[in-house]
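Student: Would you mind keeping the following structure in view while I ask a few things?
The values are calculated or read from the model by the stated rules, or taken from the named source; none is laboratory data. All of these numbers come straight from a predicted model, not from anything done at the bench. Cβ atoms come from the backbone with ideal geometry, glycine included; neighbour counts cover every protein chain shown.
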Number of protein chains: 2
Amino acid sequence: MASRTAESLVAGTSYLLLPTTSVAVDFADVFVDSACGKDVLKDCSVKYEPAPRTMIAINSAVYFFIYAKSLPKAEILNACDATAIHGLLLGNTRFLKTGLALARRSSLRRRLTKFYRCGTVGESNPNFHRKQSWDYTHAARRHKWISVRTGVTVPVKMFWCQSMLPMVQCDIMSKLIPGPSFFIGKGDDTDLISFGSGQPDLPPPPEAFNALKKYKGFKYGLIQGEENLRTRLAEEYPGAKPEHFVITNGASEAIDLVMRSISKQGGKVLLPRPYYYSYPHVVSYSGMVPEYYDLAEGGKIDYAQFADIAPGCRAVLINSPSNPTGTVQEIKTLKKIEALCDRLGLYIISDEVYKDLIYDRKNYLLHGKHVVTVNSFSKTFAMCGFRVGYVYSQDAELVSSIVEMKNHTSMNTSVAAQFMALAAMRAPASYVEKHVKIWKERRDMLYAGMLELGLELWKPEGAFYVLPKLKNSGRVVSDLYYKYRMITYDGAWFGAPDHVRFSYALDVSKIKEGLRRLKKFLDTEYKKY
Amino acid sequence: MASRTAESLVAGTSYLLLPTTSVAVDFADVFVDSACGKDVLKDCSVKYEPAPRTMIAINSAVYFFIYAKSLPKAEILNACDATAIHGLLLGNTRFLKTGLALARRSSLRRRLTKFYRCGTVGESNPNFHRKQSWDYTHAARRHKWISVRTGVTVPVKMFWCQSMLPMVQCDIMSKLIPGPSFFIGKGDDTDLISFGSGQPDLPPPPEAFNALKKYKGFKYGLIQGEENLRTRLAEEYPGAKPEHFVITNGASEAIDLVMRSISKQGGKVLLPRPYYYSYPHVVSYSGMVPEYYDLAEGGKIDYAQFADIAPGCRAVLINSPSNPTGTVQEIKTLKKIEALCDRLGLYIISDEVYKDLIYDRKNYLLHGKHVVTVNSFSKTFAMCGFRVGYVYSQDAELVSSIVEMKNHTSMNTSVAAQFMALAAMRAPASYVEKHVKIWKERRDMLYAGMLELGLELWKPEGAFYVLPKLKNSGRVVSDLYYKYRMITYDGAWFGAPDHVRFSYALDVSKIKEGLRRLKKFLDTEYKKY
């Protein structure tokens, strides 16, 4: 495969190299009609806005490549084109707009329109999903699942008709950053400035490490979590009892267990957008379908929009303070949501992992019969690596269901880590207060610095993120990393294309240097976008 | 609700208290015809032998209670009756036999036969599942999901027609032990002899605890697991590389992640029977369906039976040495399975958590393109509570898929626990050798003791379990606990009714005392069963 074409591929995507256009078209037919194709497309039709990355990837990849081969002059297409094509083919104007705004290749669009008889580009194409009548009996008879080599992210299986042609696997190289996992383990370089990581750089309270020194337990603990830790947690929540808590492997497992426990095939879960990037995944993994409410001006919930979409959902997710926006929701809005969900009988999953990192007021704890609070020791006590989170809910049935599931899927949370968590709670209040002060200073510096650079962004009121608008965010993240030695996260990973997330979990001297490099980038490269 | 009736209920089961027989029958009709009822029954029809406990429970509960109310004299029914009724209604002779062997209430059976027009009791009733024509439009129009209060195990949601009658929730009390979780945290009593727990009583190597003393990390680790631990593990497996491993929250999460990663809706996973009790659950959670191969004489795999069922499955699970039987599979059988699965393109999930606890030979590591080895530090290094396990596979695509999923569902495994695991591997070989010697002595004592008591059982060759035949095992476990202060596990929890699992992870003096109590039980209570 020519390196020129290879450069156009998206890292982390599955590709098939096909010899001719007609074969590619045949393949598309087989794929669309196959059991797997139907599955993928069906999933897309319910999830495509925004689809989990893998779903976008697989569709983009297939059609993207088919398309690339169908053009005699085979232009180098970038990921934006792939996104546009994906949008075109699925009749999804959102993707189309995002992709085409960048690609601006009208000839390409015209050709695609003709090629796929999709109607006018940019118009919704409801017929595209309709079952085609193409007879694929001969293919189905000899079908076989073949795995396709993938890059760094999730691999996807494809239906493949072996009889048609041999499959050639191609290597993938690209400068586009596929996702947050690309950056994990990077950032300790003195030269590299990491605005990527969503974890405190300051250490946990000394109490936590001291506890570890004398730890001697080794047997299974209670699946629900150690009694003493749950008793201590109950003191933090008015009216709570130890049996209302389940200690989990971080907030991630907490949310996953909640989703799996409340799951009803095809049930809708209402997520904020921008969202923490795992939300849509865990919703989909549980067999449910993500729906979205868009955060409005200032990163606040537009209650009218929310109330419009909530009925018909099985659960809603609130994340205040928010990752990736850093915004905190108004108490009056949260109260209205409580009342609405109570009336509708919906679960409220309240991800409050940043509850102790709010600059202007105390956290407001959501109340209600079916409120499920998710929290963690990771951010408050800088214990990300130890993985201790929890679910708090007064819904006894849900708690018991989560415990039963955890019994089979991971058993107790690591006992030594729970012991540390309990010890961390013995740290004086000044530990958290000191940290909040530091976060606030950094927030002020970064926020002011970005305004000065002319960036448009919401003022963060908690957590440690800002999410400025930056067009063509994928390219920005790539350029900042490769050319300016800065790690930032593409807003597209959080459902916010054309935004870039900066975490300020790093020293002020580094923030300053980062702002300096960002200014240079904006004055040079970015001007040419 | 009268306490007399309450006593007859099964702990951990959902009940509905219905006011009259006719209402109960109406409810049954609604339930069978409802979306939920269909779901439950559909699941039962594919899973019922043996159904996950919750499925048995929900069906038993509904019909059990209906039945209890339909008898004017309302006898006290025990769990065995419920099981029998469940078997009768689903036309499942296996349940019928188990239940009725104990209940021996022919008048009860005659009444049931008449009441449900099910044909002769004990005969298979293939018509029971057939969609009934009862029109439930009026119910469906007003239906609402109502959760039913549950006892100690998993709660189950039921379809309920609100318009028909108010639901009354009842308290549950029973002497029947609902499942292994009932015993967790019990057993440190001096008086109580616990043959229950599946974990070493001897501590981890001192190296592990020493490591903990100087641990200072706190940030997120690699999702895949710490590089140094994976590098060290790779030395243990011929031809392995660090990238072939994923470190997980124990073997439980490893198996759960594998199932979720390979999941195809409705795909079949072939499990051994008797099985470790979580297997059917994680298969079902992943949207797949458990199938079973029965271990034959001596606890060995009957290859002919295995080869007969394997085609059409997506994956097969091998567990050698086995929990709960302690038996080890023959190398020649394992090699045939390797070849068969390779030919059929099936995943082999090999749960080898007891691989270092084999008495007569070294472990045989299964090989193959799609072999997924699951292992753990819990048993070899007595680190159950810390939760460090791993997946080892040369299937790069599967590994990458598992890492991607773990990124969203739990992130890295606790970094301190991984640090301990690495330190434990520095312990001299004598650590494991000494343990195996101790396990072997205990095995010999318990096995010989049981033969002497006239019990029928397979000779365990690894792990630390025996599984003697004992009729009416649920009652045995209950009686041994309440009357003889001994913890044992009901074989039914492992798909082996009429067997009881004894773990010998306890001191020889306690094993001796346990055998003495068991003898007394067999000579008295058990004779009257």
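Student: What are the pairs, 6+ residues apart or on separate chains, where a residue within the range B:492-519 that is in a loop (DSSP other than H, G, I, E, B) has its Cβ under 7 Å from a residue that is surrounded by fewer than 16 Cβ atoms within 10 Å (Cβ to Cβ)?
Tutor: So the pair list comes out as B:498/B:469; B:498/B:471.
Rundown of residues vs (1) surrounded by fewer than 21 Cβ atoms within 10 Å (Cβ to Cβ); (2) closer than 26 Å to residue A:277 by Cβ, yes/no style:
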| position | (1), (2) |
| --- | --- |
| A:429 | yes, no |
| A:485 | yes, yes |
| A:496 | no, yes |
| A:503 | no, yes |
| A:522 | yes, yes |
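Student: Another one. Mind telling me which of the residues A:456, A:433, A:441 ends up being more than 19 Å from the chain's Cα centre (by Cα) and outside any helix (DSSP H, G or I)?
Tutor: The conditions single out A:456.
Student: Next question. I'd like the residue in the range A:259-275 that is hydroxyl-bearing (Ser, Thr, Tyr) and within 10 Å of chain B (Cβ to nearest Cβ) and, out of all such residues, is nearest to residue A:353 (Cα to Cα).
Tutor: By that ranking, first place goes to A:261.
Student: Residues that are touching a helix residue (DSSP H, G or I) at 6+ places or on another chain (Cβ under 6 Å), more than 14 Å from every other protein chain (Cβ to nearest Cβ) and aromatic (Phe, Trp, Tyr): does the range A:497-504 have at least one?
Tutor: For the range A:497-504, residues touching a helix residue (DSSP H, G or I) at 6+ places or on another chain (Cβ under 6 Å), more than 14 Å from every other protein chain (Cβ to nearest Cβ) and aromatic (Phe, Trp, Tyr): present.
Student: Continuing with this model, one more query. Please verify whether the range A:417-426 includes one or more residues that are assigned to a loop (DSSP other than H, G, I, E, B), under 30 Å from residue B:406 (Cβ atoms) and modelled with pLDDT under 95.
Tutor: No, the range A:417-426 has no match at all.
Student: Can you name the condition, by its number, that residue A:324 falls short on among (1) under 24 Å from residue A:344 (Cβ atoms); (2) more than 12 Å from every other protein chain (Cβ to nearest Cβ)?
Tutor: The failed condition is (1).
Student: Right, another one. Could you list, in sequence order, all residues of the range B:178-216 that are facing another protein chain (nearest Cβ under 8 Å), surrounded by fewer than 16 Cβ atoms within 10 Å (Cβ to Cβ) and either among the hydroxyl-bearing types (Ser, Thr, Tyr) or closer than 30 Å to residue A:252 by Cα (or both)?
Tutor: B:185, B:213, B:216
Student: Another one. If you go through the range B:408-419, how many residues are of a type outside the set (Val, Ile, Thr), touching a residue at least 12 places away in the same chain (Cβ under 8 Å), more than 25 Å from residue B:463 (Cα to Cα) and within 7 Å of another protein chain (Cβ to nearest Cβ)?
Tutor: 5
Student: Among A:316, A:328, which is the only one that is touching an Asp or Glu at 6+ places or on another chain (Cβ under 6 Å), buried (at least 24 other Cβ atoms within 10 Å of the Cβ), of a type in the set (A, V, I, L, M) and at pLDDT 95 or above?
Tutor: Answer to the check: A:328.
Student: Please determine, by comparing only the residues of the range B:225-248 that are of a type in the set (Lys, Arg) and buried (at least 16 other Cβ atoms within 10 Å of the Cβ), which one is farthest from residue B:417 (Cα to Cα).
Tutor: Per the criteria, the residue is B:232.
Student: Among all residue pairs at least 6 apart or on different chains, which show Cβ distances below 9 Å where the first residue, located in the range A:384-407, is more than 8 Å from chain B (Cβ to nearest Cβ) and the second is basic (Lys, Arg) and not in a helix (DSSP H, G or I)?
Tutor: What qualifies is A:394/A:241; A:394/A:369; A:395/A:369.
Student: What's the total number of residues in the range A:231-258 that are within 13 Å of chain B (Cβ to nearest Cβ) and either without any contact (Cβ under 8 Å) to a residue 60 or more places away in the chain or among the acidic types (Asp, Glu) (or both)?
Tutor: Residues in the range A:231-258 being within 13 Å of chain B (Cβ to nearest Cβ) and either without any contact (Cβ under 8 Å) to a residue 60 or more places away in the chain or among the acidic types (Asp, Glu) (or both): 3 in total.
Student: So which helices (runs of 4 or more DSSP H) stay within the range B:252-348 end to end and still have 3 or more residues that are among the hydroxyl-bearing types (Ser, Thr, Tyr) and within 21 Å of residue B:495 (Cα to Cα)?
Tutor: B:279-285
Student: Could you pull out the residue among A:435, A:370 that is within 12 Å of chain B (Cβ to nearest Cβ) and not small (Gly, Ala, Ser)?
Tutor: Exactly one residue qualifies, and that residue is A:370.
Student: Same structure again: Quick check on the range A:444-469: of everything there that is touching a Pro at 6+ places or on another chain (Cβ under 6 Å) and of a type outside the set (Ser, Thr, Tyr), which residue is nearest to residue A:359 (Cα to Cα)?
Tutor: If we take residues in the range A:444-469 being touching a Pro at 6+ places or on another chain (Cβ under 6 Å) and of a type outside the set (Ser, Thr, Tyr), then A:462 is nearest to residue A:359 (Cα to Cα).
Student: Further question on the same structure: If you check B:219, B:186, which single one turns out to be touching a helix residue (DSSP H, G or I) at 6+ places or on another chain (Cβ under 6 Å) and at pLDDT below 95?
Tutor: B:219
Student: Would you be able to tell me the number of residues in the range A:505-520 that are buried (at least 17 other Cβ atoms within 10 Å of the Cβ) and either in the same structural domain as residue A:278 (by TED's automatic domain parsing) or of a type in the set (Val, Ile, Thr) (or both)?
Tutor: 1
Student: Sticking with this one: Name every residue in the range B:278-292 that is over 22 Å from residue B:406 (Cβ atoms) and surrounded by fewer than 23 Cβ atoms within 10 Å (Cβ to Cβ), in order of residue number.
Tutor: If the condition is that a residue be over 22 Å from residue B:406 (Cβ atoms) and surrounded by fewer than 23 Cβ atoms within 10 Å (Cβ to Cβ), then B:289, B:291, B:292 are the ones that fit.
Student: Another question, if that's okay. From A:406, A:369, A:362, grab the single residue that is touching a helix residue (DSSP H, G or I) at 6+ places or on another chain (Cβ under 7 Å), among the charged types (D, E, K, R), surrounded by fewer than 22 Cβ atoms within 10 Å (Cβ to Cβ) and within 25 Å of residue A:231 (Cβ to Cβ).
Tutor: Result: A:369 is the single residue among A:406, A:369, A:362 that is touching a helix residue (DSSP H, G or I) at 6+ places or on another chain (Cβ under 7 Å), among the charged types (D, E, K, R), surrounded by fewer than 22 Cβ atoms within 10 Å (Cβ to Cβ) and within 25 Å of residue A:231 (Cβ to Cβ).
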